[in-house]
Amino acid sequence: MQPLIFDIRRFALDDGPGIRTTVFFKGCPLACLWCHNPEAIRPETDLFFQRDRCVGCGECAKACPDAAICLDGPARVNRQRCTLCGACADACPATALKMVGRYYPPAELVRLLLRDLPFFSVSGGGVTFSGGEPTLHSDYLQEILAALRSHGIHTALQTCGHFDLEPFRSRLLPLLDLIFFDLKLADPGRHRRFTGQDNTRIRDNFRRLAAEAGSRLVPRVPLVPEITATEENLQQIAALLNESGFDSCDLLPYHPGGLSKRQAMGEIPSPLVPDAMIGQGEERQWRHFMQQRLAC
């Protein structure tokens, strides 16, 4: 399957140093219940219906060859009938229906990224690859990284850590300047419950990369209320970080943007997922908590 890109975000300021362009891949080995980009979980194209944009013209129903559009239904799309042909999205004048995910040939993607080279040069920025999980497409990503490296562009990767380490080490690690590595849950059972996968490979990869990648490796922990943001979980993650030689990590405050995206994809969000942002006061408390544990 060809790797699909669902977003290319220019002028990103939170995905590494300087001004960056962030490329988001579809496909992820995890299925975190709180995922901010649930459209990235499946490697295939998805169809979004954004109700607030709909003008009720009915052009989507006329265009659909599978009678999968229900103008009176709240979900608008019968997902059992829909074949993801994209005819409804092409016909929608208000872009209420949108196909998510397209393939970029490597040369085309590199040309798009090079448009922002002046911003990278002035700010010390570069390109960040996110998702989803970019390492699922290591051959494709290697070609892009090598082309960017030839132009002196700083490269960063955001990863869930669930990948085959050997091809990562040989194909991607030599071409990466920065690796943001997510550590979500320390307990294997809770990790499987909330992400769909055991965390053994993730922990093993982190330990080995901590020894090999040095300062290029940046651990990150998402603060999801009552799931990852618990004293027991953060204590266990802090122990892993101390064991691996780290005295700091990035904490990512939770916000529930993925809930509306799941609804746009015709999904019912899990009742386990919090529907409110983590407060600044709570975030400060957890930062202080982790600082104390990592200073030991």
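The values are calculated or read from the model by the stated rules, or taken from the named source; none is laboratory data. Fair warning: this is a prediction, and the values are worked out from it, not measured in the lab. Every residue, glycine as well, gets a Cβ built from its backbone with ideal geometry; the counts of neighbours run over all protein chains shown.
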(request) State which residue pairs qualify: first residue without any contact (Cβ under 8 Å) to a residue 40 or more places away in the chain and over 20 Å from Val224 (Cβ atoms) and inside segment 283-296, second residue part of a helix (DSSP H, G or I) and of a type in the set (Val, Ile, Thr) in any location, beta carbons under 8 Å apart, and separation of 6 or more residues or different chains. (result) none
(message) Of the residues Phe194, Phe181, only one is farther than 22 Å from Gln292 by Cα, in the same structural domain as Gln158 (by TED's automatic domain parsing) and aromatic (Phe, Trp, Tyr); which?
(response) Phe194
(request) Being closer than 20 Å to Pro3 by Cβ, in the same structural domain as Asp177 (by TED's automatic domain parsing) and not basic (Lys, Arg) narrows it down to one of Gly152, Gly131, Gly125, so name that one. (result) Gly131
(message) What pairs come out if I take residues in segment 196-214 that are closer than 22 Å to Asp247 by Cβ and pair them with residues that are small (Gly, Ala, Ser) and surrounded by 13 or more Cβ atoms within 10 Å (Cβ to Cβ) whose C-beta lies under 7 Å away, six or more apart or interchain?
(response) Ile202/Gly161; Asn205/Gly161; Phe206/Gly161; Phe206/Ser244; Arg207/Ser244; Ala210/Ser244
(request) Any residue in segment 148-171 that's part of a strand (DSSP E or B): show its pairings with residues that are of a type in the set (Gly, Ala, Ser) at Cβ separation under 6 Å, as long as the two are six or more apart or on different chains. (result) His154/Gly126; Thr155/Gly126; Ala156/Gly16; Gln158/Ser130
(request) Please go through segment 172-184 and pick out each residue that is buried (at least 19 other Cβ atoms within 10 Å of the Cβ) and in a helix (DSSP H, G or I). (result) Leu172
(request) Sort out which residues of segment 237-269 are outside any helix (DSSP H, G or I), touching a Phe, Trp or Tyr at 6+ places or on another chain (Cβ under 9 Å) and among the small types (Gly, Ala, Ser), and write them in order of number. (result) Ser244, Gly266
(message) Take Leu112 and tell me if it is in contact (Cβ under 8 Å) with a residue 60 or more places away in the chain and within 14 Å of Arg171 (Cβ to Cβ).
(response) no
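Please list, ordered by residue number, the strands (runs of 3 or more DSSP E) wholly in segment 1-120 having 1 or more residues that are charged (D, E, K, R) and in contact with an Asp or Glu (Cβ under 8 Å, 6 or more places away or on another chain).
Output list reads 5-12, 46-49.
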(request) State which residue pairs qualify: first residue modelled with pLDDT of 95 or more and inside segment 221-243, second residue of a type in the set (Lys, Arg) and in a helix (DSSP H, G or I) in any location, beta carbons under 7 Å apart, and separation of 6 or more residues or different chains. (result) Gln235/Arg293; Ala238/Arg293; Leu240/Arg203
(message) So, His137, is that one in a helix (DSSP H, G or I) and under 16 Å from the mean Cα position of the chain (by Cα) or not?
(response) yes
